[in-house]
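One structure coming up, written as structure tokens, with questions to follow.
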Amino acid sequence: MERSSPAVEGCRWSLALLSAALGLVLPTPAFAHASDRGHVLLLPTGYYLIGGAFAVAASFLVLALLPPASLDRFWRRRLPLFTFSDSARATISLVSFAGFVILITAGPFGSRDPLSNPLPLVVWTLLWTGLTLLQGVFGDLWSWLNPWYGPWRLLSRLTGRGDEVARQLPQWLGCWPAVILFLAFAWFELIDPAPDDPARLAFAAGLYWLVTLIAMRVFGYDKWSRGGEFLGIFFSMVARFAPVARDDDGRLALCWPGAKLLAAEPLPASGMAFLLLALSSVSFDGLSKTFFWLGLFGINPLEFPGRTAVIDSGTLGLGMTFALLTAVFLLAVFLGQRLARSDRSLAQSAGLLVWSIVPIALAYHVAHYLTALLVDGQYALASLSDPFALGWNLFGTADMQVEAGIVAGAGSAWWLWNVQASAIILGHVLAVLVAHGFAWRLHPQPTRAALSQFPLTVLMIAYTIFGLWLLATPTVG
Amino acid sequence: MTDKNGFFDLSKTTLTRRNALKGLAAGAGLAMAPGFVRYSQAQSSAPIKIGFQSHRTGIGAAYGRWYEKTTAAAIKAINAAGGINGRQVEVIIEDDGTDPGRGAEVVGKFATQHKTDIVFGTLFSHVVIGSAPAAGEAKMPYFVVSEGHHVASTKLNRYVFQPGITDVKSQIQSMAPWIAANAGKKVTQIFPDFAFGYDHRDYLPPALKAQGAEVIAQIAIPPTESSFTKYFPQIPAETEVIYHVMVGPAVLTFVKELGEFYGSNRPQLFGFIDSLEATDINSPGLEFLDGSHFWEGSPRYAQPDDSAAQKAYRAAVGIDDNGAAVGDPKDVSTAAHMFGCWETLYVVKKAMEDAGYKGPEDRAKLVEATEALKEFAEGPEHPQGPKTFNGKIHQCFGIQNISKVEGGKLKVVHKTKIEDGLYEAEGDYTTQAL
């Protein structure tokens, strides 16, 4: 058995960063979750469900009693760091684009094994799972790493034509194109029979890249980035949670996690739909594997017939989860408005309060994809050393032993469960905190602010329990 | 058993998944390998292509990972010893998502796109059953490692073989003599209420009856059940043996609750390791299994009397004395089943050599050559034990292990005879046209 040297270890880390930089586009880790749910079934998860609900409820009560102004001041504190210019942005994006080209070439021409071909591993594990977490910690790395900015700048320079002659996207369109594209992405990730198939993924990712670049040329880079490029929109929303802030002049500062959300403007209906879709898609990913869900459709989870057999129920479920979450969220905001006797429009209140979904979405992401990240992340590092299955060993990781045992057994189940449960509970507590900050902005009178939050807090308590239940209940895979 | 042919002398090169699976193990060292000279005049130097229908994702992924490791190790050994008919072997993996629908698609892809010589390696029964028609249609020899009775039932087609692992009917039947003689005569079965459980429900009672024992109760548990205490009162008081074959995430809960129900005064317990394959036998909740017995295809734990071939096989695949990955003790293997990949590949090698196999145009000859095989001697190619092969039903028959949980390990206490698992053929594939 091989033991990795410090040099190899260092190489792995630089590879991890590099691979994040190389990353690109669409679908998901299928049922590759390696965690053993059987051990979790023996843990006292019921206490966690009750405790989590209490923690979220208690945080609401504490916030209601604290003087809002001092809390707000505390939360807005910044620790200035240094200035970080964005002069290298185009270059980094071009490097990222080069990596993307290599990856989508590896899709059809590399190994057919989704655990040896770097494309599905980078896209689903390093990008969709890993980069999302990095965005939540370090801020909007994607605005540097995306594989469009560099090529777009290059094209603009070559043609002597930038955004100034771009066609206008109608105002009413908002980010609906991104909502549609994200829905397509979620469907491909969660429902398509083979999102891990390297060639299939290469086609989807390559097509998305091309269409996006064309749209950026036609409508302008900034406009399409804000209205159509769903990955960038998702990542930038997540980045608003990060404890690192960077202002327009490039000055970096540390702030409290989630504090940047408070400065957000109300989202239009399309932005609201986008955020709710982000949370509902990862929620449905969890739900769709539970014995409960499969039982509704008479599917034997012990002889799960595979993704090709659940396309219809999955499509229905994804749509219904989104519709249900949207309806319940709007109802909670509406009831809050009534309780606080607010004269603000529902659209304005909901558009602001929906930002409180970000910590929850991030928490679900952590909890749901943690095991896949730990195991498939290792496969990803190995695959990058030999992207075309030609026997290369570019980074010294090609022959590394993938230690699946990292998520196996009762001990791992215990700590994984605790990390996952903590993420879910903490995410909801922070969501309550963020919502509270917005409520104060909407209703400067403290009693009204607290009252307006009551229904939304009930929803968050329910979602905490739901999130923990998804992690505790029997599932396939 | 000694390693006369040097199959396991892998010291010259590091075993890696990649080069083994890509058939890149060639090179100067190979020319020296035993067997190479014999085949050096072979007509074609192009590699033999084996399509590996692999459960890389989906519910079979934990098995799939170990099937892949075992396959890589076998191919490495075969190539190091000169390949098949002097040609190196290349494995092409296609993920079937443990999905019968995709399984058929994958077989089609192997036939038309990759143009592989055979398709190999499928485990889950529903994928085998879903893929077999596509293999028959493409006239593609399809070597599965599934342990299902579907191949031997002769309800599939002439292109489907299971020569490297015994089928569940044979396994169950061969348990009966030991259970009746050592555990007890009155048996209550607890099984999941679907096809996997039905095999045990249907095959055990007649086998026990033939041994003078009887099944006195059969308790079918709905597959979605996660709490079992309410079923235990259905176990008759006179039960001497509980025969359990629960599978799925709730198995640990099942064992724990059974332990709470009985306390220290329990009937004998007999199970199939399928319930706990890839799961540490020392996991919390499984304490109640101490002293109970399990069927094992190939033993998970190294045994004091392991043959040289068994030791070499374990080293080649990379499992330690506890049946876990070398260097990753929590990664428990699927030892009871995965040996089937190793042995199947050696059967393919033998059949191809017997047939003088040159390429896809010889697939029919390969089918006939496989059907003509009669027995496989225990040794480096068949480390699990000796086997016979029934060419009419395309199924091998072999020994089974009965292991006792003792001191946190599974200790083999009985090895069945091949005859214990034989049964009347239910049909004859050889009458079907090729």
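The values are calculated or read from the model by the stated rules, or taken from the named source; none is laboratory data. Note that this is a predicted model, so its numbers are computed, not measured. Quick reminder, even Gly has a Cβ in these numbers, built from the backbone with ideal geometry, and neighbours come from all protein chains shown.
Determine, yes or no, whether A:PHE82 is aromatic (Phe, Trp, Tyr) and not in a helix (DSSP H, G or I).
yes
Now a separate question. When segment A:338-364 is examined, which residues are found to be surrounded by 23 or more Cβ atoms within 10 Å (Cβ to Cβ) and not aliphatic (A, V, I, L, M)?
Once the filter is applied, which keeps residues that are surrounded by 23 or more Cβ atoms within 10 Å (Cβ to Cβ) and not aliphatic (A, V, I, L, M), segment A:338-364 yields A:SER349, A:TRP355, A:SER356, A:PRO359, A:TYR364.
Quick check on this structure: which one of A:SER70, A:SER87, A:SER59 is hydroxyl-bearing (Ser, Thr, Tyr), without any contact (Cβ under 8 Å) to a residue 40 or more places away in the chain and under 21 Å from A:ALA449 (Cα atoms)?
Exactly one residue qualifies, and that residue is A:SER70.
Go through segment A:256-276 residue by residue and tally those that are at pLDDT 95 or above and in contact with a Lys or Arg (Cβ under 7 Å, 6 or more places away or on another chain).
Total meeting the criteria: 0.
Of all residues in segment B:273-298, which are away from every other protein chain (no Cβ under 14 Å) and outside any helix (DSSP H, G or I)?
B:ASP290, B:GLY291, B:SER292, B:HIS293, B:PHE294, B:TRP295, B:GLU296, B:GLY297, B:SER298
B:GLY51 - would you say it is of a type outside the set (Val, Ile, Thr), more than 24 Å from the chain's Cα centre (by Cα), modelled with pLDDT of 95 or more and not in a helix (DSSP H, G or I)?
no
Would you check if there is a residue in segment B:352-364 being closer than 17 Å to B:THR71 by Cβ, touching a Leu at 6+ places or on another chain (Cβ under 9 Å) and modelled with pLDDT of 95 or more?
Yes, segment B:352-364 has at least one match.
Between residues in segment B:423-434 that are more than 13 Å from B:HIS149 (Cβ to Cβ) and outside the structural domain of B:LYS139 (by TED's automatic domain parsing) and residues that are surrounded by 11 or more Cβ atoms within 10 Å (Cβ to Cβ) and of a type in the set (A, V, I, L, M), which pairs lie under 7 Å by C-beta distance while being six or more apart or on different chains?
Hits for this filter: B:TYR429/B:ILE393; B:LEU434/B:ALA364; B:LEU434/B:VAL367.
Let me ask another. Checking A:ALA408 against (1) touching a residue at least 40 places away in the same chain (Cβ under 8 Å); (2) touching a helix residue (DSSP H, G or I) at 6+ places or on another chain (Cβ under 8 Å), which test does it fail?
(2)
While we're on this one: Inside segment B:224-254, can you point out the residues that are at the interface with chain A (Cβ under 10 Å from one of its Cβ atoms) and crowded, with 19+ Cβ neighbours inside 10 Å?
Within segment B:224-254, B:THR224, B:MET246, B:VAL247, B:GLY248, B:PRO249, B:ALA250, B:VAL251, B:LEU252, B:THR253, B:PHE254 meet the criteria.
Continuing with this model, one more query. Go through A:ALA423, A:ALA439, A:ALA450 for me and flag whichever is in a helix (DSSP H, G or I), more than 14 Å from chain B (Cβ to nearest Cβ) and within 22 Å of the chain's Cα centre (by Cα).
A:ALA423
Using beta carbons and a limit of 6 Å, which pairs, at least six apart or on different chains, have the first residue in segment B:323-348 and within 30 Å of B:THR370 (Cβ to Cβ) and more than 7 Å from chain A (Cβ to nearest Cβ) and the second one in a strand (DSSP E or B) and among the charged types (D, E, K, R)?
Qualifying pairs under 6 Å: B:ALA336/B:GLU296.
Output yes when any residue across segment A:181-189 is more than 26 Å from A:MET320 (Cβ to Cβ), buried (at least 20 other Cβ atoms within 10 Å of the Cβ) and of a type in the set (A, V, I, L, M, F, W, C), and no when none is.
No, segment A:181-189 contains no residue that is more than 26 Å from A:MET320 (Cβ to Cβ), buried (at least 20 other Cβ atoms within 10 Å of the Cβ) and of a type in the set (A, V, I, L, M, F, W, C).
Just to check your reading of the model, which residue among B:VAL119, B:VAL106, B:VAL89, B:VAL128 is surrounded by 24 or more Cβ atoms within 10 Å (Cβ to Cβ), within 11 Å of chain A (Cβ to nearest Cβ) and among the β-branched types (Val, Ile, Thr)?
Exactly one residue qualifies, and that residue is B:VAL106.
Does segment A:379-404 hold any residues that are outside any loop (DSSP other than H, G, I, E, B) and either within 12 Å of another protein chain (Cβ to nearest Cβ) or over 28 Å from the mean Cα position of the chain (by Cα) (or both), and which are they?
Listed by number, the residues that qualify are A:TYR379, A:ALA382, A:SER383, A:ALA404.
Do we have B:PHE261 as modelled with pLDDT of 95 or more, away from chain A (no Cβ under 12 Å), more than 23 Å from A:PHE291 (Cα to Cα) and surrounded by fewer than 20 Cβ atoms within 10 Å (Cβ to Cβ) here?
So B:PHE261 passes the test.
Residue-by-condition table, conditions (1) surrounded by fewer than 20 Cβ atoms within 10 Å (Cβ to Cβ); (2) of a type in the set (Phe, Trp, Tyr); (3) within 22 Å of the chain's Cα centre (by Cα):
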| position | (1), (2), (3) |
| --- | --- |
| B:PRO360 | yes, no, no |
| B:GLU368 | yes, no, no |
| B:GLU378 | yes, no, yes |
| B:GLU381 | no, no, yes |
| B:LYS387 | no, no, yes |
| B:GLN395 | no, no, yes |
| B:GLY398 | no, no, yes |
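Follow-up question, since we're still on this one. Before we move on, is A:ALA202 part of a strand (DSSP E or B) and either more than 14 Å from chain B (Cβ to nearest Cβ) or free of Cβ contacts under 8 Å to residues at least 40 places away in the same chain (or both)?
In short, no.
Something else about it: Just to verify a result, which residue in segment B:195-236, among those that are at pLDDT 95 or above and in contact with a Pro (Cβ under 7 Å, 6 or more places away or on another chain), is farthest from A:LEU294 (Cα to Cα)?
Residue satisfying both the conditions and the ranking: B:GLN211.
Mind checking which residues of segment A:144-174 are more than 24 Å from A:LEU207 (Cβ to Cβ) and among the acidic types (Asp, Glu)?
Listed by number, the list holds a single entry, A:GLU164.
Which ones in segment A:299-324 are at the interface with chain B (Cβ under 10 Å from one of its Cβ atoms), of a type in the set (Gly, Ala, Ser) and free of Cβ contacts under 8 Å to residues at least 12 places away in the same chain?
Selection gives A:ALA309 alone.
Take the conditions touching a residue at least 40 places away in the same chain (Cβ under 8 Å) and out of contact with any strand residue (DSSP E or B) (no Cβ under 7 Å at 6 or more places or on another chain) and apply them to A:LEU158. Does it pass?
In short, no.
Let me ask another. Go through segment B:325-342 and count every residue that is surrounded by fewer than 24 Cβ atoms within 10 Å (Cβ to Cβ) and either in a strand (DSSP E or B) or under 12 Å from the mean Cα position of the chain (by Cα) (or both).
Final tally of qualifying residues: 3.
Evaluate the following for A:LEU287: is it within 20 Å of the chain's Cα centre (by Cα) and away from chain B (no Cβ under 14 Å)?
yes
I'm checking my understanding of the structure. Among residues of segment B:46-75 that are more than 26 Å from A:ALA408 (Cα to Cα) and buried (at least 24 other Cβ atoms within 10 Å of the Cβ), which one is nearest to the other protein chains (Cβ to nearest Cβ)?
Only one residue tops the list, namely B:GLY51.
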